[in-house]
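The values are calculated or read from the model by the stated rules, or taken from the named source; none is laboratory data. All values reported here derive from a predicted model rather than from experimental measurement. All Cβ positions, glycine included, derive from the backbone under ideal geometry; neighbour counts span all protein chains shown. Side chains are part of the model used for accessible areas, which takes the heavy atoms of the whole protein and leaves out ligands, DNA and RNA. Shrake-Rupley method; radii C 1.70, N 1.55, O 1.52, S 1.80 Å.
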Amino acid sequence: MTLGPWWASCGYAWRTGSGPLVNRLHRLVDAAGSVRPLLTRSRDARGGLPLAYAGHGDGLRYLLPFLEERREGATVARHRGRVTWRDLASGRAAPDAGLIAVGCSAGRAAALPAAGSLVLPFRLSLVVPVDEGVEAVRRRVSRKDRQQYARERERRAWTVEQGTADADFAFFYRRMHRPTMRRRHGESARSESPAVAYHCLFRHGALLFLREGGERVAGMLCRYEPAARTLVIRLAGVLDGAESHYRSSAYLGMYVGVLEWAARQGLRAVNLSGCEPFLSKGIFQYKRKLHPEVSLPGDHFGGKRVWLRIQRDSGPLRDFLVANPAVTIDAAGRLHATYFHDAARPARTDLQWRTPGIADRRLIDLDDFMAAAPTTPHAMA
């Protein structure tokens, strides 16, 4: 193996590996980097909801961009500096922030103040068992979506094929994945480089295409994990990133097609990849249609938590909390769908939570929550 593929494989193993050695090394690196955690303050154009994030660097790639996306007003400035854990716990680290998120170990999160705070998984893993066969896979899809899938599959002559040539990989990456990420996520898009995608995914997995009337309209590049007999969906896209393929349900057809393909190969499960622990995350709501089993990831993210703390009560903060129900985790490791509400803001129960792995739904009255929190009251909007 030349240096390029070797380096790509090392980087991929470090970021996604789930073995005990990789997880142990991550814990050592995380412990060294958390002596004086880096704090990032984020300000929006309106100044309505200043945010702050501290702790594990992965939060700057995953969590903080999501929080910024979900508040009103574009992000106009970020400021960074080192802080102490004592200042984070007391609120002195970012006194102007309405909400602060801290990425840390499970032990650290449990030791931080509980008043006015929530503990969330750092990320969620979404896995669909497929070892009971194709019909069982189809039954996991909600009745409405299952019926729509059956109609569309027949009407559009959907078929799933595997691409094995280098030209197939190039077509997927250049014509599907890259334009889809660019169109849907712009500058905030997260992906793998062509070298990593080729050497770590294509050469060690399966590239599957959805054909519609003979034309490839969607694709997914998956990694095969033989020890777990699991297919992990890593990269996806539709032809030229066209919105028309989303509207035609081709993306849902691609997901179901991959699940059926994996079932026919005798695999145990398909990992739909992870997401942030919020019910308002679009990809969570989309993948929930397949009724995946929600759990902590098997990689280094599984031992990480997010300590989410209220620092200043305000109308924009309450709007944000109500609009973004969280998946929280208790001391026993159970996951809960947690909704906020108050007299003026009903709980967003239209954001569905029911899927295996989430134990129940919890409703929290903001007035009670804020009364217990060490916050500075501001005028309510």
### Task
Taking the residues in region 60-98 that are within 20 Å of G116 (Cβ to Cβ), touching a residue at least 40 places away in the same chain (Cβ under 8 Å) and under 21 Å from the mean Cα position of the chain (by Cα) as candidates, determine which candidate is most open to solvent (accessible area, probe 1.4 Å).
R70
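Being on the phi > 0 side of the Ramachandran plot and either in contact with a Leu (Cβ under 9 Å, 6 or more places away or on another chain) or crowded, with 22+ Cβ neighbours inside 10 Å (or both) narrows it down to one of R223, R229, so name that one.
R229
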### Matching residues, region 131-160, being within 25 Å of the chain's Cα centre (by Cα) and of a type in the set (V, I, T)
V137, V141
## Note on the structure
(1) open to solvent by 40 Å² or more (accessible area, probe 1.4 Å); (2) at negative phi; (3) at pLDDT 95 or above all hold for G357 apart from (2)
### Message
Given the criteria out of contact with any Cys (no Cβ under 9 Å at 6 or more places or on another chain), under 22 Å from V35 (Cβ atoms), assigned to a helix (DSSP H, G or I) and in contact (Cβ under 8 Å) with a residue 24 or more places away in the chain, does A110 qualify?
### Response
yes
#### Entry: Answer residue from region 131-171, given it is assigned to a helix (DSSP H, G or I) and of a type in the set (G, A, S) and is farthest from N271 (Cα to Cα) among those
A167
#### Entry: Any chance E192 is touching a Lys or Arg at 6+ places or on another chain (Cβ under 9 Å), more than 25 Å from E260 (Cα to Cα) and at pLDDT below 95
yes
### Query
If A332 satisfies every condition in (1) hydrophobic (A, V, I, L, M, F, W, C); (2) free of Cβ contacts under 8 Å to residues at least 24 places away in the same chain; (3) surrounded by 18 or more Cβ atoms within 10 Å (Cβ to Cβ) but one, which is the exception?
(3)
### Summary
Expected single match for of a type in the set (G, A, S) and open to solvent by 20 Å² or more (accessible area, probe 1.4 Å) among A101, A106 is A106
### Task
Assess whether R24 counts as being in contact with a strand residue (DSSP E or B) (Cβ under 8 Å, 6 or more places away or on another chain) and open to solvent by 40 Å² or more (accessible area, probe 1.4 Å).
no
### Message
Residue under question is G47, and the condition is that it be open to solvent by 40 Å² or more (accessible area, probe 1.4 Å) and within 28 Å of V83 (Cα to Cα); does it hold?
### Response
yes
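Give the residues of region 280-328 that are aliphatic (A, V, I, L, M), modelled with pLDDT of 95 or more, more than 30 Å from M254 (Cα to Cα) and part of a strand (DSSP E or B), sorted by residue number.
Once the filter is applied, which keeps residues that are aliphatic (A, V, I, L, M), modelled with pLDDT of 95 or more, more than 30 Å from M254 (Cα to Cα) and part of a strand (DSSP E or B), region 280-328 yields V306, L308.
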### Query
Mind checking which residues of region 218-265 are of a type in the set (F, W, Y) and closer than 14 Å to W158 by Cα?
Y251, Y255, W261
#### Entry: Only one of R264, R234 that is in contact (Cβ under 8 Å) with a residue 24 or more places away in the chain, under 25 Å from S142 (Cα atoms), in contact with a helix residue (DSSP H, G or I) (Cβ under 6 Å, 6 or more places away or on another chain) and open to solvent by 40 Å² or more (accessible area, probe 1.4 Å)
R234
